[in-house]
Amino acid sequence: MAATSVPHELQEKYKKVEDLARQLRNMTATLRMVQENLEQLENTLARLEETPEDARIFESIGSFLVETEKSKAVAKLREQIEKYRAYIKGLKKRIKEAEKEYNTLAQELITRETAPPTTAG
């Protein structure tokens, strides 16, 4: 019995589903990492806000620690936190869109595979 070849259109859809699955795994891993970084920034901000106003505060610049004012450090952390939140929001949106596309394509493939074969008449 001769092996049937998979139509090019179907091969392209399978490839697209595989690519989307890989993208989703990568985006999900990135989301977890960014959320962990955000949590660290928020914890740092909370601890910094608890310190006295006259406490000596240092920030890392490359491999050096440089003294800075508490108000500047707090402002810088808040700015970073907002950037992370905006990035997370955008990333979640991209994940949702990719999931929708993945599910649609996967359902098309499942439906096509389970459909009875058509006969030319």
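Only the coordinates and a few stated rules stand behind these numbers; no lab work does. Nothing here was measured: the structure is a model prediction, and the numbers come from that model. Please note: Cβ atoms are built from the backbone with ideal geometry, for glycine as well, and neighbour counts cover all protein chains shown.
Scanning the stretch 43-97 for residues that are small (Gly, Ala, Ser) and touching a helix residue (DSSP H, G or I) at 6+ places or on another chain (Cβ under 8 Å), which turns out farthest from THR30 (Cα to Cα)?
Initially, the stretch 43-97 is screened for residues small (Gly, Ala, Ser), giving 46, 55, 60, 62-63, 71, 73, 75, 86, 90.
Restricting the remaining residues to those that are touching a helix residue (DSSP H, G or I) at 6+ places or on another chain (Cβ under 8 Å) gives 55, 73.
On the way: ALA55: 35, ALA73: 26 Å.
Looking at residues that are small (Gly, Ala, Ser) and touching a helix residue (DSSP H, G or I) at 6+ places or on another chain (Cβ under 8 Å), I get ALA55.
For residues that are in contact with a strand residue (DSSP E or B) (Cβ under 8 Å, 6 or more places away or on another chain) and loosely packed, with under 13 Cβ neighbours inside 10 Å, scanning just the stretch 36-59, find the one that is farthest from ARG85 (Cα to Cα). Walk me through it before giving the result.
Our first condition is that a residue be in contact with a strand residue (DSSP E or B) (Cβ under 8 Å, 6 or more places away or on another chain); within the stretch 36-59, this holds for 48, 51, 56-59.
Those left that are additionally loosely packed, with under 13 Cβ neighbours inside 10 Å: 56, 58.
On the way: ARG56: 28, PHE58: 24 Å.
Only one residue fits best here, namely ARG56.
Go through the residues of the stretch 10-20 one by one and say whether even a single one is out of contact with any strand residue (DSSP E or B) (no Cβ under 8 Å at 6 or more places or on another chain) and more than 24 Å from ARG112 (Cβ to Cβ).
For the stretch 10-20, residues out of contact with any strand residue (DSSP E or B) (no Cβ under 8 Å at 6 or more places or on another chain) and more than 24 Å from ARG112 (Cβ to Cβ): absent.
Quick one: in the stretch 60-77, which of the residues that are part of a helix (DSSP H, G or I) and of a type outside the set (Gly, Ala, Ser) is surrounded by the fewest Cβ atoms within 10 Å (Cβ to Cβ)?
Going through the qualifying residues, I end up with LYS72.
Of these, GLY90, GLY62, which one is free of Cβ contacts under 8 Å to residues at least 24 places away in the same chain and within 30 Å of VAL17 (Cα to Cα)? Show your work before the answer.
Numbers: GLY62 fails: within 30 Å of VAL17 (Cα to Cα).
Just one listed residue meets the conditions, GLY90.
Can you tell me which of (1) assigned to a helix (DSSP H, G or I); (2) without any contact (Cβ under 8 Å) to a residue 40 or more places away in the chain is the one ARG112 doesn't meet?
(2)
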